[in-house]
Amino acid sequence: MATVDRHDPTSRPEPRLEALGARLAARRASLGLTQERLADEAGVSTSTVKRLERGDSVQLANLVRVLRALRSDADLDRIAPEPPVRPLDEVHGGRGARRGDAWVWGDERDGGGDA
């Protein structure tokens, strides 16, 4: 996993946050919404919308509320998609293999077998 150098100006989040804020402002404008109307529809304060559009920090829940009001919350699935199901999770009933689990044939697990 890459580390972020907080002192390296190229690794700071502000430019990305400002770009995101500008895109959200453009989306709001394209829908014909004022900041006040968006705030009302999202259930957040107008100052939250202004901070978000400036690229300032806001609570994650408020970002999701605003995205929902902008009808852009489906894009969250692209940011953080559902993890794929691992084959071993399916075999072990969704809990994955654990160290020390005894391996048995499938028919033995169900009480069947030749014994």
In terms of solvent-accessible area of protein heavy atoms at a 1.4 angstrom probe, what is the ranking of S45, S72, highest value first? S45, S72
How much solvent-accessible surface does R27 expose, in Å² to the nearest 10, with a 1.4 Å probe and all protein chains in place? 80
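The values are calculated or read from the model by the stated rules, or taken from the named source; none is laboratory data. On a predicted model such as this, the values are computed, not experimentally measured, just so you know. Surface areas here come from the heavy atoms of the whole protein model, side chains and all, with no ligands, DNA or RNA. Shrake-Rupley method; radii C 1.70, N 1.55, O 1.52, S 1.80 Å.
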